[in-house]
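Derivation of every value follows stated rules applied to the coordinates shown; laboratory data play no part. Being a predicted model, the structure only gives us computed values, none of them experimental. In this analysis, Cβ positions are derived from the backbone assuming ideal geometry, glycine residues included, and neighbour counts consider all displayed protein chains.
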Amino acid sequence: MDTKGLKECEICGDDKDVNRHYGVVACYGCKAFFRRSIFEKKRYECKDGGRCSIRKSNRNKCRHCRFEKCLEAGMSEDSFRESHSYSNSTTNSKPASVIQSPINSPMCPIPSPRTLLTTSSDTLINFLKLMTRSTIEAYDPKYENLNYEEIRKLPIGRHVTLSEGLKHPELVAPRVKINWKCIRPAVSAELAFGWYQIFVVTADWARGIPQFRMLSCQDQERLFQLNFANISFPLLLYYFAKDNLSFDKVPASNGGYVSPEMFESQVISGMLRKIIDIYYTHLIRPFMEVSLAIPDEEEVCMSMTIMLFQFSEVLSNEGHVICKSYKEKLFAALYEYQLSKFPEKTDIERIQRYAQLLEMMQRVTKVWSVESDLHLMMSTFDEMNIDGIPKDLLFNRFLMKTE
């Protein structure tokens with residue numbers, strides 16, 4: 001498709017990632033918003049009588065007016081159904097060039113790297129990317145900009161069970177707009193609230209994956225018990241990849257950050273320096289040393305999903321089959337993406353990067369044990385007061401056991 005003439009999203013005016021979606025020139029964010037609204041049969045209300053102006057800077061404030069503007073621009077349920085039906089009908093198909101081009105045949109050209117990104121993998125990658133982006137961008141307009149005192153007064157569900165929290169994440173904490181840019185030193189309340197935020201976002205995100213929703217409640221809970229802490233790093237990496245953040249400070253939500261100089265306790269300062277060094281040395285620098293580039297948005301989304309579904313051997317038989325089948329598709333998509341993203345690199349270089357991504361996931365699981373010690377120490381010294389679901393998921397040592 002020729003996209004040279006497509007400049008701005010007709011809904012919000014964003015000029016990034018603009019393409020023709022559901023018959024309308026729109027950005028990925030508005031496409032994902034409309035898709036999710038139709039798919040989940042959302043119904044919105046406007047507190048200002050439907051008079052809100054929708055721009056990129058405020059498009060998340062009023063979902064009702066944003067949805068109405070999508071309809072006014074020409075998006076419709078019919079166009080969504082047609083697109084969705086087409087995607088489903090082609091998910092399991094293979095490109096003819098791949099099927100009909102034997103590598104050893106001198107009569108047929110070898111498929112280009114872009115061709116090797118099959119329709120099923122392309123659909124999977126785009127879905128995860130857009131679903132992740134729309135989930136992270138979503139927030140309750142009432143909680144867009146909060147100061148320290150307002151954060152302290154926010155309702156937190158410290159006694160909500162994991163089962164309840166996965167079904168209704170908003171019971172754990174309000175859907176606050178996330179701002180993980182490092183603007184100022186974080187205060188204690190922000191450090192704690194950040195983990196409640198992460199749970200809400202992660203639960204919303206996991207529930208957006210059809211294969212996760214297919215699992216029984218018990219299997220969903222078990223996956224979170226095993227993998228929630230590990231997913232927190234790819235979630236942070238998502239922001240590093242998206243906003244090119246530095247790695248000398250650790251974002252703590254609401255514009256706050258954590259650095260070793262903030263703490264009077266030399267024990268905590270020393271542990272934080274160690275963790276920052278470990279994350280950089282073992283998870284970031286390996287990509288830089290071999291000129292492989294930090295994982296991008298698509299790769300982070302796939303890595304998060306793979307890590308969510310790991311350790312499925314301890315689930316029910318049905319749950320294990322669902323996870324195993326989905327992980328196979330994710331691994332295939334991640335590898336094919338290397339072919340598409342780096343057509344100029346050699347096969348060895350692409351395989352090396354693929355291996356680095358897989359190794360990163362394994363290292364995150366191991367490195368977390370060090371970070372959990374820091375959080376436990378901060379909790380002991382009253383630097384971070386968390387309870388309920390985040391405490392259970394972060395501090396239980398049985399998380400890494402696969403029984």
Among LYS16/LYS61; LYS153/LYS177; LYS47/LYS142, the pairs whose Cα-Cα distance exceeds 18 Å are LYS16/LYS61
Subtracting the Cα-Cα distance of ASN19 and ARG43 from 0.36 nm times their residue separation yields 6.1 nm
Listing ASP219, ASP277, ASP387 by rising number of other beta-carbon atoms within 10 angstrom, fewest first, gives ASP277, ASP387, ASP219
Ordered by number, the trypsin sites (Lys or Arg not before Pro) in segment 6-56 that occupy a DSSP loop and have at most 16 other Cβ atoms within 10 Å are LYS7, LYS16, LYS41, LYS42, ARG43, LYS47, ARG51, ARG55
Per the C-alpha gyration tensor (a ≥ b ≥ c, the square roots of its eigenvalues), segment 116-229 is rounded if a/c is under 1.5, else prolate if a/b beats b/c, else oblate; here it's oblate
Here the convex hull volume per residue of segment 18-81, taken over Cα atoms and given in Å³, is 79 Å³
Residue separation between GLU297 and ASP347 times 0.36 nm, minus their alpha-carbon distance, gives in nm 15.8 nm
